[in-house]
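Right, one structure below, let's go through it.
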Protein chains: 2
Amino acid sequence: MTLQAHGAARGRAPRSGEELLFLTDDQLRQGIELMFFAYQAFTSDADRILEGQGLGRAHHRALHFIGRCPGLTVAQLIDILGVTKQSLNRVLRQLVDRDLVESRVGATDRRQRNLFLTPAGIALERQLSEAQRERVRRAWRDAGSEAVAGFRRVLEGMMDPDKRARVRALMAPPGTGG
Amino acid sequence: MTLQAHGAARGRAPRSGEELLFLTDDQLRQGIELMFFAYQAFTSDADRILEGQGLGRAHHRALHFIGRCPGLTVAQLIDILGVTKQSLNRVLRQLVDRDLVESRVGATDRRQRNLFLTPAGIALERQLSEAQRERVRRAWRDAGSEAVAGFRRVLEGMMDPDKRARVRALMAPPGTGG
DNA sequence: CTTGGAATGTCAACAAGGCTGACGTAAACT
DNA sequence: AGTTTACGTCAGCCTTGTTGACATTCCAAG
């Protein structure tokens with residue numbers, strides 16, 4: 001498991017100041033597996049809570065982002081989640097039926113629907129994300145702040161640039177210039 | 001529902017030597033979202049290749065780990081993937097039918113099946129993981145080696161300890177003591 | 001040799017959660 | 001007035017997960 005730099009030493013001209021990363025296929029594969037295993041563990045917490053409640057991972061994701069951005073529109077949520085409106089709509093309808101989410105007609109544009117969590121929705125979302133937060137909190141605490149910074153940089157770098165930009169714009173509330 | 005670190009400064013006794021992380025709910029939530037978005041991007045590459053081929057993400061995962069650990073048994077693969085034998089068996093049968101995977105009767109224990117990639121399987125697995133490797137490679141290169149070390153530490157820390165141990169044992173070939 | 005249990009394969013039925021296509025409605029834009 | 005946009009919805013399909021039940025094969029213990 002120890003990352004051997006397999007082949008010959010090639011292309012090692014050191015980048016000025018920065019050390020050049022020597023990335024073997026083996027190391028990259030380990031990174032890929034780490035993503036898989038970490039995500040598997042990461043989703044297991046909320047899944048456990050949701051099971052038997054008639055809700056699933058899809059509902060959790062919707063609850064999360066509605067809680068995160070109260071009033072966001074259906075189209076925005078579709079873009080974030082990367083699903084079709086039909087798929088999201090099924091989930092959303094179930095959440096509204098259970099009084100976890102409220103869908104209000106848009107104020108300026110009345111075609112739009114602005115989504116909000118109800119008190120019950122807020123409570124469930126808190127419960128769900130608390131499980132995940134606890135896992136992330138522990139991992140971060142054990143890894144240290146430098147590792148956390150690296151974690152963030154790498155994960156951000158893995159996103160598609162345009163998606164990252166759109167998410168940034170949505171997540172950052174309007175008045176986040178300073 | 002505890003968690004309001006927001007307000008007063010409490011529990012701030014600095015850990016000796018190590019800097020104490022101030023983990024607000026907000027920071028943790030950002031970390032959670034980062035996991036979601038990065039994983040979303042991360043899986044999209046292989047998904048694109050697989051679409052229309054009659055294969056899906058489940059097949060990719062199986063191919064990956066069979067390629068990684070040639071000869072591993074069905075039970076080991078079930079443990080790695082965290083699915084039922086029925087679910088895995090369907091995927092495996094499709095892979096065998098397409099001559100991407102070979103299932104050999106175990107040498108020592110003939111109840112077991114040892115799984116291997118065929119040449120065609122190796123080719124497909126390479127193509128799939130190359131897409132993912134490219135994404136990871138770019139993210140790592142842009143982030144620098146320290147960030148990569150942090151990325152790894154945090155993701156490893158997110159895994160369940162027993163799962164991590166089992167995976168380590170499986171992934172490290174028998175003679176990886178030195 | 002018989003029997004129990006472990007590892008595996010397989011069939012059936014079902015559910016969650018994706019997808020496409022088609023259609024409807026209301027509101028906004030031009 | 002006509003077109004486009006945002007959303008809801010119905011119908012049908014696919015992948016991939018689940019449980020339950022049962023057959024097979026083989027190792028190991030009695």
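Coordinate-derived values only; no laboratory data. Everything numeric here is computed off the predicted structure, so don't read it as measured data. With ideal geometry, Cβ positions are generated from the backbone for all residues, glycine too; neighbour counts draw on all protein chains shown.
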*Fewest Cβ neighbours within 10 Å first, please rank A:V154, A:V96 accordingly.*
A:V96, A:V154
_Under a Cβ-only charge scheme (Lys and Arg +1, Asp and Glu -1), can you give me the dipole magnitude of the stretch B:41-132 about the Cα centre, in debye to the nearest 20?_
360 debye
*At B:R90, label 7 Å along Cα→Cβ: distances to the other copies, nm, ascending?*
1.5
*If you average the sequence gap of Cα pairs under 8 Å that are 6 or more apart and divide by the length of the stretch B:41-132, what percent do you get for the contact order?*
35 percent
_Relative contact order computed over chain B (Cα-Cα under 8 Å; 6+ residues apart), in percent_ = 19 percent
*Averaged over B:157-166, number of beta-carbon atoms from partner chains that fall within 10 Å*: 5
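About its Cα centre, what dipole magnitude does the protein assembly as shown give when the only charges are +1 on Lys and Arg Cβ and -1 on Asp and Glu Cβ, stated in debye to the nearest 20? Spell out each step's value before the answer.
On the way: 56 positive and 42 negative charges, 70 e Å.
It comes to approximately 340 debye.
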*Place +1 on the Cβ of every Lys and Arg and -1 on the Cβ of every Asp and Glu in the stretch B:45-178, take the dipole about the Cα centre, and give the residue among B:L92, B:Q112, B:A131 whose Cα lies farthest towards its positive end.*
B:Q112
*Counting only C-alpha contacts under 8 Å and six or more residues apart, can you give the relative contact order of the stretch A:73-178 as a whole percent?*
17 percent
*How crowded by other chains is B:128-141, given as the mean number of beta carbons from other chains within 10 Å of each beta carbon?*
5
*asked:* Sort A:R126, A:R111, A:R104, A:R61 by Cβ crowding within 10 Å, fewest neighbours at the top.
replied: A:R111, A:R104, A:R126, A:R61
*Only Lys, Arg (+1) and Asp, Glu (-1) charged, at Cβ; chain A dipole about Cα centre in debye*: 480 debye
*Within 10 Å of each Cβ in peptide B:109-119, how many partner chain Cβ atoms are there on average? Round it to a whole number, please.*
0
